[in-house]
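The next block holds one structure in the form of structure tokens; read it before the comments.
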């Protein structure tokens with residue numbers, strides 16, 4: 001009986017540590033996106049996206065603005081690489097099941113009085129968490 005309890009506790013601990021590790025990896029991928037978009041680094045932005053991902057974004061006077069990761073990253077090319085551009089990202093929530101995850105990230109740009117909520121769909125591909133889709137909406141701050 002005592003050995004059975006020990007085995008169950010060991011398995012539970014291993015599962016908990018694996019789940020925490022996966023969430024850390026997901027958060028690290030999201031932080032790469034946040035940092036890349038906050039510091040004008042197109043390569044850093046595209047590195048966390050699956051190359052065929054679609055980004056469904058908000059744009060004035062357009063109901064739906066769809067970009068590829070490359071097109072989105074190109075929006076940051078004209079700015080000085082490595083210089084903070086005022087975008088502040090905060091990971092609000094991560095939910096993971098096996099090799100897929102969803103995440104909610106708040107992006108604020110205080111100088112322009114802008115606030116966005118980004119929803120991400122991620123999948124673990126070849127051992128790395130990649131963003132396979134992103135949808136964003138503008139919120140009145």
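The values are calculated or read from the model by the stated rules, or taken from the named source; none is laboratory data. Worth saying up front: this structure is predicted, and the values here are computed from it rather than measured. Quick reminder, even Gly has a Cβ in these numbers, built from the backbone with ideal geometry, and neighbours come from all protein chains shown.
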Looking at the stretch 36-61 only, could you name the residues that are in contact (Cβ under 8 Å) with a residue 60 or more places away in the chain and closer than 17 Å to residue 116 by Cα?
37, 55, 56, 57, 58
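Which of the residues that make up the stretch 106-128 are over 17 Å from residue 50 (Cβ atoms) and either assigned to a strand (DSSP E or B) or in contact with a helix residue (DSSP H, G or I) (Cβ under 9 Å, 6 or more places away or on another chain) (or both)?
Here is the first cut: in the stretch 106-128, the ones over 17 Å from residue 50 (Cβ atoms) are 106-117.
Those that are over 17 Å from residue 50 (Cβ atoms) and either assigned to a strand (DSSP E or B) or in contact with a helix residue (DSSP H, G or I) (Cβ under 9 Å, 6 or more places away or on another chain) (or both): 106, 107, 108, 109, 114, 115, 116, 117.
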Of (1) loosely packed, with under 15 Cβ neighbours inside 10 Å; (2) under 13 Å from the mean Cα position of the chain (by Cα), residue 111 satisfies all except one. Which?
(2)
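If you check 89, 82, which single one turns out to be closer than 15 Å to residue 134 by Cβ and in contact (Cβ under 8 Å) with a residue 12 or more places away in the chain?
Values: 82 fails: closer than 15 Å to residue 134 by Cβ.
So the residue among 89, 82 that is closer than 15 Å to residue 134 by Cβ and in contact (Cβ under 8 Å) with a residue 12 or more places away in the chain is 89.
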Cβ-Cβ below 7 Å, separation at least six or inter-chain, first residue in the stretch 62-77 and more than 16 Å from residue 51 (Cα to Cα), second exposed (fewer than 14 other Cβ atoms within 10 Å of the Cβ): which pairs?
65/59
What are the pairs, 6+ residues apart or on separate chains, where a residue within the stretch 103-131 that is farther than 19 Å from residue 45 by Cβ has its Cβ under 6 Å from a residue that is at pLDDT 95 or above?
111/86; 115/108; 124/99
